[in-house]
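For reference, the structure is listed below as structure tokens.
Coordinate-derived values only; no laboratory data. Predicted, not measured: the structure shown is a model, and the values here were computed from it. Using ideal geometry, Cβ is built from the backbone for each residue, glycine included, and neighbour counts are taken over all protein chains shown.
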Amino acid sequence: MSLFNLSSVTNSELPKGQEAYVFGIFSDTGLTDEFKAAHPNLSKQINLALKNGEFKAKLNQSIVLYTADCETSKRFIAIGLGESGKYNSDLLRQASATAAKLAINLKVSTFAIEFMGENDLSSDDAQALAEGLVMGSYRFLNYKKSEDEYQGIEIVVVASDSDISDALTYGMHVAAGVVVARDLGNHPSNIATPTYLADTAEAVAKKGGMKTTIYDREDFEKMGFGGIAGVAQGSDVPPKFIVMKYMGGGKDSKTLGLVGKGLTFDSGGISIKPSAGMDEMKFDMLGGAAVLGIMSVVAETKPKLNIIAVVPATENMNGGEAYKPGDILTAYNGKTIEILNTDAEGRLILADGLAYITDKYELDGVVDFATLTGAVVVALGHRYSGIMTNDQDFADELIASGKKTQDRVWQMPMDDEYAEDIKSTIADVKNTGAGRTAGTIAAGAFLREFVKEGTSWCHVDIAGSGWLKKGRPYLPDGPTGAGVRLIMELIKSWE
Ligand code: BES
Ligand code: MG
Ligand code: ZN
């Protein structure tokens, strides 16, 4: 998706005749003297609107104004930035998303942005601004054949320092990865099949000089992938176990492992889900989508480290050979699993993914992403992902990255004793927890059994954060792309 062409200029270089000029106003400090001097008539209009209380410059509030006596643009869009004391980069991410949406609605094809006056864009600000523009303008129109093709926007960011152009470009790459994840989530399960995910992985790998290995149903037995083999039994759609290898670092570089749940449709299997809302279970591959989104940013930005990514991908269906409650599966690391609910399938395919990646590769840390439990939505809603870990220092790194990017994570406890909740009477573990209690943690404790001893690991449950019923400025309704910004920030600090 290239809705934008983004560049940065200083005020004196700004081309005349922009279709819109976007600027930010703090609710407490109002217009800058600089702005008032440059646009006296417009300043009067805005001050009137402020005085009347129609426009309070609250965060994400906007007002469109017209003026005849400005060469840069006849149309101005003021975006509220809220109180100046509460300013942070995320507010800019939100404000630029608000501006991009408005510009699209107005069908403008060029606009200039000057959020912070001439001087104040740090490189974090610039990255956030670019992310907000791309993420905020996201629309998924692939199946709306009647919709007009939108031609896109030429955007110039006005700043004193054109050095921000690298940060703008980086922000656009990160957001493009978010878009990859969102698109994969939006495509229905008859399009975004495991094969589609594998093809996406191969296309990304080709671009980024990565290697891929794709294991098919026929390979599962000899590989020992009993978890995904069991889940895939009920579906005629071919499952795929996707492995991607990116070697961007030297000998002393770190190696990051990523695992994503690529469950392309979750009917629940024999423990079938109710029909109301079952359509949403096309989103059950958002963990895998996040991993592919991250790898697509990596393909573009080529960070200096190594990354191994694994996406076990299958449907969970009810065909004649479907696995059943009471069945026992054996995962890649040899541990046996008693199935007590076929709807707890994500942990089974991740068990193979985590056991495989931590057995085959020497990792400095592995992170898995999954829309794993309804319980995490009850606990945290749609704002934070739930994280669990076997290494507090590693979790702290992710928590810090979540704060910085606002791709937020909240840690759940996972003391050793939670292992009691997943004890089976007949096998090593069972795939359900202790009734209705601590369902998210039980799933985490289950996964922990499949991470090789000594490997630092974080599990990120994105069942709530991964998709929204009702969007927010830079997050649309539907899939959000949770996890992409989180990991790109971790990667920055690992390079
Ligand atoms: N994909 C679901 C989790 C889910 C539920 C994601 C709601 C998004 C919204 C997962 O496979 C599942 O069905 N989990 C069960 C586990 C239970 C049977 C132990 C759940 O959370 O109910
Ligand atoms: Mg399920
Ligand atoms: Zn599922």
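Kindly work out what percent of the DSSP beta bridges joining two residues of the range 189-315 are antiparallel, to the nearest 5.
Counting only bridges with both partners in the range 189-315, antiparallel ones make up about 65 percent.
Which percent, nearest 5, of DSSP beta bridges in the range 5-160 are antiparallel? Bridges in the range 5-160 are about 25 percent antiparallel. Each principal axis of the Cα cloud of the chain was taken in turn, and the coordinate range along them, longest first, works out to 80, 52, 42 Å. Rounded to the nearest 0.05, the FRET efficiency derived from the C-beta distance between ASP124 and ALA276 at R0 = 41 Å is 0.45.
To the nearest 10 degrees, how steeply does helix 346-360 sit against the main Cα axis of the chain, on a 0 to 90 scale? In the chain, helix 346-360 runs at an angle near 90 degrees to the longest axis.
Partners of LYS107 within straight-line reach, counting aspartates and glutamates whose Cα lies under 19 Å from its Cα and excluding those fewer than 8 residues away in the same chain: GLU19, GLU147, ASP148, GLU149, GLU154. Residue-wise HN-Hα couplings along the range 438-446, as the Karplus relation 6.51 cos²θ - 1.76 cosθ + 1.60 with θ = phi - 60° gives them from phi, are 6, x, 5, 6, 4, 5, x, 5, 4 Hz; Gly and Pro carry x. Under the convention that each Lys and Arg Cβ holds +1 and each Asp and Glu Cβ holds -1, the size of the dipole of the range 179-494 around its Cα centre is about 1060 debye.
When the Cα gyration tensor is reduced to axis lengths a ≥ b ≥ c, the ratio a/c is 1.5 or higher for the range 406-495, and with a/b not above b/c it is classed as oblate. For the chain, the longest principal axis of the C-alpha atoms and the axis of helix 484-494 are separated by about 90°. Candidates TYR332, GLY471, PRO413 compared by Cα position along the dipole of the chain: farthest toward the positive end lies GLY471, with charges placed on Cβ.
Which FRET efficiency value, to the nearest 0.05, do you get for ASP199 and LEU48 by plugging their Cβ-Cβ distance into 1/(1 + (r/R0)^6) with R0 = 56 Å?
0.50
Express as a percent, rounded to the nearest 5, the fraction of DSSP beta bridges in the range 252-370 (both residues included) that run antiparallel. Among the beta bridges of the range 252-370, antiparallel pairing accounts for roughly 20 percent.
Each 5 Å bin from 0 upward holds the following percent of the Cα-Cα pairs of the range 5-160: 2, 9, 19, 24, 21, 14, 7, 3, 1, 0. Highest mean first, the peptides 337-345, 373-381, 257-265, 276-284 sorted by other C-beta atoms within 10 Å per residue fall in the order 257-265, 337-345, 373-381, 276-284. A simple spin-label model places pseudo-atoms 7 Å from Cα toward Cβ; at ASP416 and ALA38 they are separated by 6.3 nm.
Is there a pair in LYS56/LYS144; LYS206/LYS452; LYS101/LYS273; LYS452/LYS492; LYS101/LYS403; LYS74/LYS404 whose C-alpha atoms are over 28 Å apart, and which pairs would that be? Pairs exceeding the cut-off: LYS56/LYS144; LYS206/LYS452; LYS101/LYS273; LYS74/LYS404. Listed values for the range 371-383 are Karplus-derived 3J(HN,Hα) couplings in whole Hz (6.51 cos²θ - 1.76 cosθ + 1.60, θ = phi - 60°), namely 7, 9, 9, x, 4, 6, 6, 5, 6, 10, x, 9, 9, and x replaces Gly and Pro.
Electrostatic bookkeeping for LEU168 treats Lys and Arg as +1 and Asp and Glu as -1; over the other residues with beta carbon under 11 Å from its beta carbon, the sum is -4. Full extension of the chain between ASP391 and LYS86 yields a length gain of 106.5 nm, computed as 0.36 nm times the residue separation minus the alpha carbon distance.
Classify the range 49-104 as rounded, prolate or oblate from the Cα gyration tensor: take a ≥ b ≥ c as the square roots of its eigenvalues, call it rounded if a/c is under 1.5, otherwise prolate when a/b beats b/c and oblate if not. Oblate is the answer for the range 49-104, as a/c is 1.5 or above yet b/c matches or exceeds a/b.
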